[in-house]
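The values are calculated or read from the model by the stated rules, or taken from the named source; none is laboratory data. Just so it is clear, the model here is predicted, and its values are computed rather than measured. Note that each Cβ is placed from the backbone with ideal geometry, even for glycine, and that neighbours are counted across all protein chains shown. In case anyone asks, the SASA skips ligands and DNA or RNA and just uses the protein heavy atoms, side chains included. Shrake-Rupley method; radii C 1.70, N 1.55, O 1.52, S 1.80 Å.
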Amino acid sequence: MKHISHNDLLQGKDRIIFVTKEDHAAPSNAELVEEDPDDPYEERGLILPSGEINWSCPCLGGMASGPCGTEFKEAFSCFHYSKEEVKGSDCLDQFRSMQGCMQRYPELYPQEDENESREKSSEKDQTSQDSASAETSGANSTSDFQKDSNTTQPNKEGAMES
């Protein structure tokens with residue numbers, strides 16, 4: 001186990017500061033620094049403040065840099081900048097080109113088989129039907145129990161006569 005000295009702590013990128021209750025009670029004098037839009041280390045989303053596409057966004061899952069990266073960028077750019085009333089309707093050729101490329105690399109871009117898709121949706125439907133059926137039969141058995149308990153009450157008058 002390595003021992004960390006006080007000097008080692010001061011050398012790193014992080015700094016540990018101990019504060020007292022009095023320090024917390026005093027108002028902060030911290031100054032907020034405005035974000036630098038050109039900071040390469042600043043995390044950004046898919047669309048940059050300028051409206052451009054951030055191709056290095058982790059949300060793209062590497063699609064922009066794989067073997068079909070060029071096709072992906074062309075299709076996605078076309079869609080993003082599309083001015084058509086049905087957004088992207090002018091990008092069919094680019095998306096076909098991207099799909100063709102992806103089909104050439106099935107190990108990198110697995111496609112869900114149409115039959116698998118139908119099986120999955122029918123499994124979901126069956127599970128939903130089973131749940132609904134169980135809830136309905138549970139409700140019926142409760143009401144059957146209530147009916148039975150109402151009809152099988154002992155006859156108190158007859159019990160007294162015996």
Matching residues, region 46-76, being farther than 21 Å from Pro106 by Cβ and part of a loop (DSSP other than H, G, I, E, B): Leu46, Leu48, Pro49, Ser50, Gly51, Glu52, Asn54, Trp55, Ser56, Cys57
What number of residues in region 65-79 are open to solvent by less than 30 Å² (accessible area, probe 1.4 Å) and of a type in the set (Phe, Trp, Tyr)? 1
Contact list, first residue from region 77-88 and assigned to a loop (DSSP other than H, G, I, E, B), second anywhere and loosely packed, with under 15 Cβ neighbours inside 10 Å, beta-carbon distance below 9 Å, six or more apart or interchain, is Ser82/Ser89; Ser82/Asp90; Lys83/Asp90; Glu84/Asp90; Gly88/Ser82
